[in-house]
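Throughout, read-outs are computed from the coordinates displayed, never taken from laboratory work. Quick caveat, the model's predicted, so the values are computed rather than measured. Ideal geometry is used to build each Cβ from the backbone, glycine not excepted, and the neighbour counts take in all protein chains shown.
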Amino acid sequence: MTTDLNQFPQLDKTKFEQRGIKLEIGVPVTSAVSIGNNIAAGFGDGTIRIFSSGEKHKTLKAHKGVILCMAKDGDNILTGGDDGYFLKISLNGEINEVTNFGSRWVDHVAAHNGNLVCSSGKVVYYWDKNKKEPKSLNHDSTIGGLAFDAKGRRLAVSRYGGVTIWKKDYSNKWKSTKLDWKGSHNKVSFSPDGKYLVTSMQENVLRCWRLKDKLDFAMSGYGSKVKSFAFIGDTSYLATSGAIDAICWPFDGEGPMGRKPICLPYIGNKQVTFIEPFPDEKAIFAGLSDGSVFLSQIENENNTIMIRSFTGFEVSAIAMTDNKSSIFIGDMNGNILWTSIWDK
Amino acid sequence: MEETNRQVPVTVLTGFLGAGKTTLLNRILTEQHGKKYAVIVNEFGEQGIDNDLVVDADEEVFEMNNGCICCTVRGDLIRILSGLMKRADKLDAIIVETTGLADPAPVAQTFFVDQDVANKTKLDAIVTVADAVHLSSQIEDHHEAEEQIAFGDVILLNKIDLVKDENIEVVTKRIRKINPFAKIIKTTKCGTPLKEILNLDAFSLKRILEVEPDFLESDHDHEHDDDVTSLSFVSDTPLDMEKFQNWFGKLLQTKGQDIMRTKGILNFKDENDRYVFQGVHMLMDASPMGKWPENKKRSSRLVFIGRNLDTMNLKEGFEACKSE
């Protein structure tokens, strides 16, 4: 049987694609962060590309292998790689080694107010901004994710069997409390108001703890693993990937227990693989497994626009500049769209 | 327009400490073969490999929360394989070394259970390196040695230069008793062409038809209960599909812990297609694989490898599935 390609609908390019810059790098985009009005994107070949409006992007060779994780620290970019390096990189291309673990991967990085943290295997390393040597925080199993709360006082570390929350006491000693739930926990995040903690699990489910009383509950019903989620606005919704709709759980009032999520549908019935909030709005960018990206208002499902049409490859990074003027989209084949959002 | 990337084959390399796994890994990494192989090693494994394509792993086994007691998987592998899939250069194969004492089942099960892993990689074969000098005594003393033989698709019987010919025969027989369908390759210093151990596609159902295992007629001495043994059954009488599914489904559900591997080709009444299946513990892959060849006798054959097989009434169960 032969396939007649003409029988597929030929989608027109979106206006964003028509006016934006499109690149085919051919290497997976693994992460992207906004630094002011620039976007730094990490790639599977160890390069970083910095996109600024009105100029050609800059390419830096940072790691020898895959850039596994990325975070921002003020005006700097933090990266961890499968070459064992944890790097701090400035926007003008200066690369500083924070540390390197040899053949052990740097799986996760995070920062708050100049304090840096990374994980490699079962250990979290914490660099106080005033100190050279890191403090090691040990865990019984490999770390699945790291997150500071909004004030940077608590550090959540997800792992097998639950989450460990680290905090310095009044005498500056590290103390930990554990939230237990059987299974493997990956990405972790505090809600912006600090009242909830959410993890995505190896199973197709999210686990949530209400921190004041450690009450825990599941958010389930997904068709695949939830790889991406984000709190929207000031704790009004948790938007999640893992289904053919973007699933948005209400976190206002008494939280999501016993309430139904809002499901935002997209054409094509493809899995949502990436969620990025639109800052200060109840709106999200949703990236799909076929490379298409949509912008939707959560409380008005009819208000959805297509930002990028399909490429055939899973969306793996979306980032918006701090001034909300431009958007960066990348996928697992290195197809990039860098475009302004607003009509001139 | 979904992603149509090739799945990277993953070979699981197992074997007792000192059998020669590191020798083999060094060959895979240093020989001029023009291929790109990544190797995932355990920090407690043997020393002596240094290469950019070597990844250190902790063997972390965890249970999936899906109610299936057999669904233990390797969490570290899910993490490392998804990292390797982001590389710019495409890998020709990935080799996962498991430590001498580890049960290879969680590694195999990882490829059935995790969707991302299953989309981008596929389990190619389990290769067991065995020490021809010590295997017999290791099997007596350590149930892991026996299990590694039981799970293997290929067994490299290594160090044969140190063993007399008649003893090689004895060891080979011992292996055959545990695992009748593995391919046994006799080597010195793991010296076998890499094409004999990599890219075998041993877990594809098609492959089961191409390389038919020795489905031995059951001659089965009484073993003490703890031994891993194999049992095989052949029948020219067509099977009743419903009866077979009921029996086999229940069997794997209740005895899946003890049944390590199963393979079979089935001849169902009123069906023109051959049905092929293979499984690791409770997880099973089965599918019709085209019509029976004209010149071939239609017969059902299945083989079990595991513990306590003689307590499962397998013969009676199988007989009861016959359509007449």
P(r), alpha carbons of the stretch A:105-234 - 10 Å bins starting at zero, rounded %:
12, 46, 34, 8, 1
Residue with peak Gaussian network fluctuation, chain A [Cα springs, cutoff 10 Å], from A:176, A:90, A:103:
A:103
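Please identify the trypsin sites (Lys or Arg not before Pro) of the stretch A:157-203 that satisfy two criteria: DSSP loop assignment and at most 16 other Cβ atoms within 10 Å. Which are they?
Working: sites: A:159, A:167, A:168, A:173, A:175, A:178, A:182, A:187, A:195; in loops: A:173, A:195.
Those satisfying the criteria are A:173, A:195.
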HN-Hα couplings for the stretch A:181-186 via Karplus (6.51, -1.76, 1.60; θ = phi - 60°), in whole Hz with x for Gly/Pro, come out as 7, 4, x, 9, 9, 9
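Rounded if a/c is under 1.5, else prolate if a/b is larger than b/c, else oblate: which is chain A, with a ≥ b ≥ c the root eigenvalues of its Cα gyration tensor? Numbers along the way, then the final one.
On the way: a/c = 1.72, a/b = 1.22, b/c = 1.42.
Taking the square roots of the gyration eigenvalues as a ≥ b ≥ c, chain A is oblate.
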Calculated [θ] (222 nm, deg cm²/dmol) that DSSP helices of n ≥ 4 give over the protein assembly as shown, each run adding -39,500 (n - 2.57)
-4000 deg cm²/dmol
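Placing +1 at every Lys and Arg Cβ and -1 at every Asp and Glu Cβ, with all other atoms neutral, what dipole size does the protein assembly as shown have around its Cα centre, in debye to the nearest 20? Can you show the working numbers first?
On the way: 81 positive and 93 negative charges, 432 e Å.
Using Cβ point charges on Lys, Arg, Asp and Glu, the protein assembly as shown gives about 2080 debye.
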With +1 on the Cβ of every Lys and Arg and -1 on the Cβ of every Asp and Glu, and nothing else charged, how large is the dipole of chain B about its Cα centre, in debye rounded to the nearest 20?
1120 debye
Which of the trypsin sites (Lys or Arg not before Pro) found in the stretch A:17-108 are in a DSSP loop and have at most 15 neighbouring Cβ atoms, other than their own, within 10 Å?
A:56, A:64
For B:83-92, what's the mean count of beta carbons from other chains sitting within 10 Å of each residue's beta carbon?
6
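Looking at the stretch B:55-205, what % of its DSSP beta bridges pair antiparallel, to the nearest 5? Each step should come with its number before you reach the end.
Values: 3 of 12 bridges.
Around 25 percent antiparallel, to the nearest 5.
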Using alpha-carbon coordinates alone, the radius of gyration and Dmax of chain B in Å work out to 19.8, 61
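Could you state, as a whole-number percent, how many of the C-alpha pairs of the stretch A:173-242 are farther apart than 17 Å?
Values: 1023 of 2415 pairs.
The proportion of pairs with Cα distances above 17 Å equals 42 percent.
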Round to a whole angstrom and tell me the spacing of the C-alpha centers of the stretch A:288-307 and the stretch A:124-145.
38 Å
Choice from A:240, A:30, A:59 showing the highest fluctuation, given a GNM over chain A with Cα pairs closer than 10 Å:
A:59
For the stretch A:216-344, take every pair of Cα atoms, bin their distances at 5 Å starting from 0, and report each bin as a whole percent.
2, 11, 22, 24, 20, 11, 6, 2, 0, 0
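Between the DSSP loop rule and a limit of at most 15 other Cβ atoms within 10 Å, which trypsin sites (Lys or Arg not before Pro) in the stretch B:69-174 are left?
Values: sites: B:74, B:79, B:86, B:87, B:90, B:120, B:122, B:159, B:164, B:173, B:174; in loops: B:86, B:87, B:90, B:159, B:164.
Of the trypsin sites (Lys or Arg not before Pro), the ones in loops of the stretch B:69-174 whose Cβ has at most 15 other Cβ atoms within 10 Å are B:90, B:164.
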Residues of A:131-144, mean number of Cβ from any other protein chain within 10 Å of their own Cβ, rounded to a whole number?
1
Which one of B:59, B:31, B:97 has the biggest mean-square fluctuation once chain B is modelled by GNM with Cα springs under 10 Å?
B:31
Over the protein assembly as shown: Rg over Rh, Cα atoms, Kirkwood Rh
1.00
Protection proxy ranking, peptides A:141-149, B:188-196, average beta carbon neighbours within 10 Å, highest first:
A:141-149, B:188-196
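What does the charge count near residue A:112 come to, summing +1 for each Lys or Arg and -1 for each Asp or Glu among other residues with Cβ under 12 Å from its Cβ?
Summing Lys and Arg as +1 and Asp and Glu as -1 gives +2.
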Interchain or long-range residues, amide H under 5 Å from residue B:8's placed H
B:121, B:122
Let me confirm one metric for peptide A:39-45, namely the mean number of other chain beta-carbon atoms within 10 Å of its residues' beta-carbons.
2
HN-Hα J in Hz across the stretch A:165-178 - Karplus 6.51, -1.76, 1.60, θ = phi - 60°, x for Gly and Pro:
9, 9, 8, 8, 7, 4, 8, 6, 9, 6, 10, 10, 10, 10
Can you give the Kirkwood hydrodynamic radius for the stretch A:54-96, in Å, rounded to one decimal and based on Cα pairs?
10.9 Å
